[in-house]
């Protein structure tokens, strides 16, 4: 792979990442996953299609898009997919991170009782329920959480994957 291909692939990914950040600051979609997939796959795909059309019609297309276009798109999509997969962990509230942040404010150490008061069932679980509902993986009916077909597919995939890795429930 040529250095030029790597540079253009990374540049296209970082431009897409900048667009993602801009969109999320101006108007955050209700369904993060769908929004991320649209941004990280449609935008580079549109750029690639535009470059390909430009190449076909011999217009002024940057030299970097000539024969390396498929490799640029594969690199950009790979980076985008890795980002989309890591996004839920980065944006979700993490009790471990909350503890670290609370402890960082108190140089003499934070008392366990004070940490216990930070966490309530509502603050830990309610946002996760809402994330599942917003992403279309679950819905609430009669005060019970039910999985949609997409949620069932995801659950089966992860159950299979965990079994493949030899992990039991609660391990990992």
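The values are calculated or read from the model by the stated rules, or taken from the named source; none is laboratory data. It should be emphasised that the depicted structure is a prediction, and the values quoted were computed from it without experimental measurement. Heads up, the Cβs are rebuilt from the backbone with ideal geometry, glycines too, and the neighbour counts pull from every protein chain shown.
Here are the numbers:
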| quantity | calculated |
| --- | --- |
| In the stretch 123-167, residue nearest to residue 95 (Cα to Cα) [restricted to those that are out of contact with any helix residue (DSSP H, G or I) (no Cβ under 8 Å at 6 or more places or on another chain) and outside any helix (DSSP H, G or I)] | 167 |
| Of the criteria (1) at pLDDT 80 or above; (2) outside the structural domain of residue 16 (by TED's automatic domain parsing), which one residue 115 fails | (1) |
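Yes/no matrix, rows are residues, columns are (1) modelled with pLDDT of 90 or more; (2) surrounded by 14 or more Cβ atoms within 10 Å (Cβ to Cβ); (3) assigned to a loop (DSSP other than H, G, I, E, B); (4) outside the structural domain of residue 127 (by TED's automatic domain parsing):
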residue	(1), (2), (3), (4)
19	yes, no, no, yes
58	no, no, yes, yes
83	yes, yes, no, yes
96	no, no, no, yes
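Each row is one residue, and each column tells you yes or no for (1) loosely packed, with under 14 Cβ neighbours inside 10 Å; (2) part of a helix (DSSP H, G or I); (3) touching a residue at least 40 places away in the same chain (Cβ under 8 Å).
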position	(1), (2), (3)
8	no, yes, yes
12	no, yes, yes
16	no, yes, yes
23	no, yes, no
29	no, no, no
38	no, yes, no
41	no, yes, no
49	yes, yes, no
52	no, yes, no
